[in-house]
Amino acid sequence: MIHLSNITKRYGDRVLYQNASFLVRPGDKIGLVGPNGGGKTTVFRIIAGEEHPEEGSVAIDPGLVIGYFAQDVGEMYGRSALKEVLAGAGRVFALGEEIAAVERRFEGSAVTPIPDDEMERLMERFGEVQTEYQHRGGYDLESRAQAILTGLGIGENRWNYPVESFSGGWKMRIALARILLLNPDVLLMDEPTNHLDIESIIWLEDWLKSFKGSLVMTSHDREFMNRICVRTIEVAAKSITTYSGNYDFYLREREIRRENLLASHKRQQDMLAKEEDFIARFAARASHAAQVQSRVKKIEKIERIELPPATRKIKFQFAPAPRSGNDVLRLEKLAKSWTLPDGTEHPVFSGISGLVSRLNKIAVTGINGAGKSTLLKVISKQTEASSGAAIIGSSVTFGYFSQYSCDLLYPQNTVLQEVESRMPLATIGTIKNLLGAFLFSGDDVDKPISILSGGEKTRVILACLLAQPVNFLILDEPTNHLDIESREVLLTALKEFEGTVMIVSHDRYFLHNIVNRVFEIDHGALRIYEGDYDYYLEKTHVKN
């Protein structure tokens, strides 16, 4: 179907992969993994024909339709959200437009008669187009587009909004809907769960499970990968390696292969050391000349086993949390409304009451737009409540992480300057050690904030948060832009954190492993579940 054979790709002196191969078979569901910058996106671009390898071949079956969802959605303007999605259907959409144009010509014939010969051509073409349009499922195209938009959280009331009115995150959903409507033979997806809430992720998961074509995707959502992908392909250390299982299988098998490689490397090094010792001891003896030359030739022919460089990881551990009182937060008939541009009040929630106790790890859940982020903003004093109160307990110091916290960084600052401004009493050595734990070392600390990736900015914010001795963490989507391994490190740190946590996250694996209570906002009211995330799913009958 698609075969990348012995490909080599480099940028200047930097080699992404060398003599690398892999195969995409009909019906494959492949998870593409590897460190940031390892070349995963370049693999997509090579398959999509946007880039080409310097060596090797790329064989793609003739007539294969490939859909590529990238992080860069490009410009969108001049259409409604629904029309933008329909336009993504390619040939089918073009046929529909042609049918509509011919129908308009027929309708106008009462005013401007159509000559007989032209009418004959139009009728013949109209029949051909209608037949192909029906064969390609054109007559239910709009209903499918509507269903996809709804599944991705864009309801009927927004289908006819101009695409220019949507934020970047919502434009990503529209771009994703375009690709799904295309229903290609091969679907390439680069981080499709970014900007999606849990409900949309679950819907997309079901759609991809029933997708009949082949899928190759990257994702920072471990559970999403495990539920969909049955093969894993790692792009790392200048090679592309295939594993015949999901992400969890890949982790186990990779460790086994690395241990075997380490053992083979050690055996080879021991053997080479003995041979080189023999050569050094007997090189000057004429009686051993033949043996020495034989062994020299032997070790020259040996293909040396190379160990891949160790992956750098965040070293994350929160500062010791000073002990707070047992009652960390009390919500008393809390309400919040936003004032709309036309002066009307839009209620988000009201009458919310509840108690957060010391050492609670609470997930705040609810559908998109329910008010989860707004609740955290009120609790963290980022905005005022409309009525009621959010009372912070005695000896409680909180740290707040927002999904928009990165916007609070000063673009002109370097990484070092940004953290230094938040730790005025710390020494440069202390700050550099902290940044080193977040993978900023050497010249990296002098990078301007303005050129950092989303993941790098998140690491800067987490470093700033780590520097403060807090005992109550209020976290709104802290895993956004973090890769799977960085999420694992953050998860471990939060498990070991000796304080209280309230968290909004769409990463189900994260919630399964940390939460012991759930606060759900539903239609403006608060429901409290005294159990872990699995207990919440069981009680609410939400699909796990």
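The values are calculated or read from the model by the stated rules, or taken from the named source; none is laboratory data. In this text the structure is predicted, and so the values were computed from the model without any measurement. Methodologically, a virtual Cβ is constructed for each residue, glycine included, from the backbone with ideal geometry; neighbour enumeration extends over all protein chains shown.
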message = Go through (1) free of Cβ contacts under 8 Å to residues at least 40 places away in the same chain; (2) under 18 Å from T193 (Cα atoms) for P115 and report which single condition fails.
response = (2)
query = Wholly within the stretch 148-232, which helices (runs of 4 or more DSSP H) include no fewer than the required count, namely at least 3 residues that are at pLDDT below 90 and of a type outside the set (F, W, Y)?
reply = 168-182
key: Test for Y139: is it more than 24 Å from W207 (Cβ to Cβ) and aromatic (F, W, Y)   = no
inquiry  = So G429 passes all but one of these: (1) surrounded by fewer than 13 Cβ atoms within 10 Å (Cβ to Cβ); (2) within 28 Å of the chain's Cα centre (by Cα). Which condition number does it fail?
reply    = (2)
key: All positions within the stretch 130-143 that are touching a residue at least 12 places away in the same chain (Cβ under 8 Å) and over 19 Å from E107 (Cβ atoms)   = E132, R136, G137, G138, L141, E142
Criterion: crowded, with 22+ Cβ neighbours inside 10 Å and among the hydrophobic types (A, V, I, L, M, F, W, C) - qualifying residue of V515, V489 = V515
message = Only one of G96, G127, G108 is surrounded by 13 or more Cβ atoms within 10 Å (Cβ to Cβ) and either in a helix (DSSP H, G or I) or without any contact (Cβ under 8 Å) to a residue 40 or more places away in the chain (or both). Can you tell me which?
response = G96
request  = Name the one entry in R267, R258 that is closer than 30 Å to E223 by Cα, outside the structural domain of I484 (by TED's automatic domain parsing) and part of a helix (DSSP H, G or I).
outcome  = R258
key: Sole residue being of a type outside the set (A, V, I, L, M, F, W, C), surrounded by 15 or more Cβ atoms within 10 Å (Cβ to Cβ) and touching a residue at least 12 places away in the same chain (Cβ under 8 Å), chosen from E496, E520, E530   = E520
message = If I filter the stretch 420-431 for residues that are in the same structural domain as V518 (by TED's automatic domain parsing) and within 17 Å of S453 (Cα to Cα), do I get at least one hit?
response = no
